[in-house]
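As structure tokens, the structure follows; a few thoughts come after it.
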Amino acid sequence: VMAAINGGRRRSPNKPCTNMPSLSRLILGFTGVLAISLLIATTNGNLGSKILAKSRASSNLRRTHPFRSLGVNSGRRVVSMNAACDDGAYLSKEQKAELKRIADLIATPGKGITACDEGPGTIGDRFENVGIVNTEENRRAYRQMLFETPGASDYLSAAILDPETLYQKSDTSGKLFPEALMDMGVLPGVKPHLKIYTLPGTGGETVMQGLDSLAVRLREYKEAGAVFAKWRSPLVIGEGQPSDLAIQANMNDLARYALICQDEGLVPIVEPDVSLKGSHDLETAIVANVRIQSALYKAMLDHGVYMEGTILKVNMVNPGKDCPTPYGVEDIAQANVKVLRQCMPVSIPGVNYLSGGQNLEDAAARLSAINKVKTNCPWNLSFSWSAALQMPLFELCRGKDELPLKEMSELYGKELKIAGDAAKGLHNPAETEGAHVPVVNMQDPVLL
């Protein structure tokens with residue numbers, strides 16, 4: 001080849017070919033390169049065709065499966081470097097159908113969730129505050145009253161349990177509580193998260209721990225009868241808070257938790273919980289909640305969570321407890337609907353508001369008002385209450401040596417009816433219930 005380029009003569013490698021015109025040298029040079037390429041192709045057999053075939057196969061794979069394997073489930077799912085947004089593509093049709101069925105049942109209109117997932121220490125504090133000894137049997141008997149109150153299933157679609165309660169039995173039927181609840185038409189779920197951890201350098205902002213071993217625990221809870229789970233991520237509104245770091249860390253945790261739940265066959269309830277503490281006004285609360293919820297849904301989509309198989313449990317959008325500005329219950333209701341309309345995916349079937357420090361009267365008045373003003377919003381808006389329902393029950397224990405289960409059950413039944421009516425927008429509160437009335441500071445020199 002080199003001889004051909006040099007006009008049939010060999011030349012010194014350091015001596016340029018100067019005895020042919022420039023155009024001739026260019027043509028012969030191109031011919032030489034082509035000859036070398038043909039020689040390589042011939043020497044390597046089908047190398048060129050193999051490379052071309054591999055390139056075409058890779059291109060077809062990218063068109064058909066635009067994501068790379070994440071290793072979730074059996075490896076059927078693929079995720080790219082960018083957002084997944086694949087709507088749980090790794091789940092089978094049957095898995096999706098079951099997740100949607102459970103989520104839709106939780107979002108049954110007019111029914112809500114009884115949240116009785118306090119750990120032994122938390123409920124123990126409530127017992128001891130009213131003179132009741134904190135024993136496992138007292139905890140079991142108290143939870144049984146919450147489940148088996150006559151008519152409770154008329155207003156309850158689900159119950160969130162502490163892991164301890166999953167393995168306790170009803171002494172009425174002799175069945176474990178998850179099975180007993182299913183027999184009553186109430187879906188049993190579980191709280192799988194562990195302890196709160198303070199993020200260093202954030203002024204007290206936190207994340208919830210427990211993701212590393214979550215799949216193993218969920219497998220055990222599902223075997224015990226749970227059909228859904230609930231993960232809480234607490235946040236606060238204050239100066240510089242919630243920070244972008246706290247929002248992103250917590251919402252990514254919720255999204256990853258939701259993904260793992262669905263992979264294990266449990267419906268995830270995601271709970272961003274903004275505290276009522278603070279002096280922020282209602283407008284500030286709206287902005288903070290939009291930031292939080294929009295980040296949550298973005299993270300869930302990025303993780304490829306199947307949105308129809310999830311439920312949102314969230315705080316009501318309220319001014320801070322110490323806010324000096326008064327607001328009517330209609331103002332608060334409109335604020336909640338505004339946040340939902342700005343960022344809530346229509347694919348999620350239901351929202352269950354937590355009480356978050358509100359008493360039953362205010363929580364019910366606000367929930368009923370929200371349902372009255374939601375007009376054509378597609379979501380079922382209901383309750384998932386713990387303290388609002390339970391704190392009045394504990395007050396019945398004062399001065400007694402044992403749990404007054406009969407009186408507690410009677411009051412609890414009345415409370416559930418109020419909650420159920422509020423979930424349908426039919427509760428009629430007293431005139432000032434649900435409004436934010438600023439607390440008067442009698443030490444304020446202006447008032448003295």
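The values are calculated or read from the model by the stated rules, or taken from the named source; none is laboratory data. It should be emphasised that the depicted structure is a prediction, and the values quoted were computed from it without experimental measurement. Glycine gets a Cβ as well: all are built from the backbone with ideal geometry, and neighbour counts include every protein chain shown. In case anyone asks, the SASA skips ligands and DNA or RNA and just uses the protein heavy atoms, side chains included. Shrake-Rupley method; radii C 1.70, N 1.55, O 1.52, S 1.80 Å.
The residue list Gly225, Gly203, Gly210, Gly151 contains one member that is more than 20 Å from the chain's Cα centre (by Cα) and surrounded by 15 or more Cβ atoms within 10 Å (Cβ to Cβ), which is Gly225.
Kindly evaluate Met391 against the criterion of being more than 18 Å from Leu282 (Cα to Cα) and either in contact with a Leu (Cβ under 9 Å, 6 or more places away or on another chain) or polar (S, T, N, Q) (or both).
Details: more than 18 Å from Leu282 (Cα to Cα): yes; either in contact with a Leu (Cβ under 9 Å, 6 or more places away or on another chain) or polar (S, T, N, Q) (or both): yes.
Here the answer is yes, as Met391 does meet what is asked.
Applying the condition of being open to solvent by 10 Å² or more (accessible area, probe 1.4 Å) and either polar (S, T, N, Q) or assigned to a helix (DSSP H, G or I) (or both) to the range 341-354 and asking which residue is nearest to Ala115 (Cα to Cα) yields Ser347. Among the residues of the range 232-256, those identified as open to solvent by 40 Å² or more (accessible area, probe 1.4 Å) and in a helix (DSSP H, G or I) are Asp244, Leu245, Gln248, Asn252, Arg256.
Condition check ((1) in contact with a Cys (Cβ under 8 Å, 6 or more places away or on another chain); (2) surrounded by 17 or more Cβ atoms within 10 Å (Cβ to Cβ); (3) in a helix (DSSP H, G or I)) across all residues:
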| site | (1), (2), (3) |
| --- | --- |
| Ala89 | no, no, no |
| Lys100 | no, yes, yes |
| Leu105 | no, yes, yes |
| Thr108 | no, yes, no |
| Glu118 | no, yes, no |
| Gly121 | no, no, yes |
| Phe127 | yes, yes, yes |
| Ile132 | yes, yes, no |
| Leu146 | yes, yes, yes |
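Within this structure, Leu181 passes the test of being in contact with a strand residue (DSSP E or B) (Cβ under 7 Å, 6 or more places away or on another chain), outside any loop (DSSP other than H, G, I, E, B), open to solvent by less than 10 Å² (accessible area, probe 1.4 Å) and under 17 Å from Tyr142 (Cα atoms). Against the conditions (1) closer than 22 Å to Leu105 by Cβ; (2) buried (at least 19 other Cβ atoms within 10 Å of the Cβ), Cys377 satisfies every one except (2).
Of all the residues in the range 341-358, those that are in contact with a helix residue (DSSP H, G or I) (Cβ under 6 Å, 6 or more places away or on another chain) and without any contact (Cβ under 8 Å) to a residue 40 or more places away in the chain number 1. Is one or more of the residues making up the range 135-142 under 17 Å from Glu415 (Cβ atoms), surrounded by 14 or more Cβ atoms within 10 Å (Cβ to Cβ) and at pLDDT 95 or above? Checked the range 135-142: at least one residue is under 17 Å from Glu415 (Cβ atoms), surrounded by 14 or more Cβ atoms within 10 Å (Cβ to Cβ) and at pLDDT 95 or above.
On inspection, Ala229 fails the criterion of being assigned to a strand (DSSP E or B), closer than 24 Å to Trp385 by Cβ, touching a helix residue (DSSP H, G or I) at 6+ places or on another chain (Cβ under 7 Å) and in contact (Cβ under 8 Å) with a residue 60 or more places away in the chain. Just one of the listed residues (Ala388, Ala430) is in a helix (DSSP H, G or I), of a type outside the set (S, T, N, Q) and farther than 18 Å from Ala107 by Cβ, namely Ala388. Of the residues making up the range 155-165, not a single one is outside any helix (DSSP H, G or I) and either at pLDDT below 95 or open to solvent by 60 Å² or more (accessible area, probe 1.4 Å) (or both).
Which members of the range 186-200 meet the condition of being surrounded by 14 or more Cβ atoms within 10 Å (Cβ to Cβ) and either among the small types (Gly, Ala, Ser) or not in a strand (DSSP E or B) (or both)?
The answer is Val186, Gly189, Lys191, Pro192, His193, Leu194, Leu199.
Of the residues in the range 317-363, how many are of a type in the set (D, E, K, R) and more than 23 Å from Gln390 (Cβ to Cβ)? Number of matching residues: 5.
Using the structure shown, decide if Asp212 is within 30 Å of Gln241 (Cα to Cα), free of Cβ contacts under 8 Å to residues at least 40 places away in the same chain and among the acidic types (Asp, Glu). Outline the logic, then answer.
Details: within 30 Å of Gln241 (Cα to Cα): yes; free of Cβ contacts under 8 Å to residues at least 40 places away in the same chain: yes; among the acidic types (Asp, Glu): yes.
Yes, satisfied.
When Ala369, Ala335, Ala363 are checked against the criterion of being at pLDDT 95 or above and touching a Ser or Thr at 6+ places or on another chain (Cβ under 7 Å), a single residue qualifies: Ala363. Among the conditions (1) surrounded by fewer than 18 Cβ atoms within 10 Å (Cβ to Cβ); (2) assigned to a loop (DSSP other than H, G, I, E, B); (3) not small (Gly, Ala, Ser), Lys417 misses just one, which is (2).
Residue-wise test of (1) open to solvent by 10 Å² or more (accessible area, probe 1.4 Å); (2) among the hydroxyl-bearing types (Ser, Thr, Tyr); (3) touching a residue at least 60 places away in the same chain (Cβ under 8 Å); (4) in a loop (DSSP other than H, G, I, E, B).
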| position | (1), (2), (3), (4) |
| --- | --- |
| Glu283 | yes, no, no, no |
| Ile292 | no, no, no, no |
| Leu301 | yes, no, yes, no |
| Glu308 | yes, no, yes, no |
| Pro319 | no, no, yes, yes |
| Pro324 | yes, no, yes, yes |
| Val339 | no, no, no, no |
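The set of residues from the range 326-337 being open to solvent by less than 100 Å² (accessible area, probe 1.4 Å) and in contact with a helix residue (DSSP H, G or I) (Cβ under 8 Å, 6 or more places away or on another chain) comprises Tyr327, Val329, Asp331, Ile332, Ala333, Gln334, Ala335, Asn336, Val337. Among residues of the range 178-205 that are farther than 18 Å from Lys313 by Cα, those with a beta-carbon under 6 Å from a residue that is among the charged types (D, E, K, R) and outside any strand (DSSP E or B) at least six positions away or on a different chain give the pairs Leu199/Glu205.
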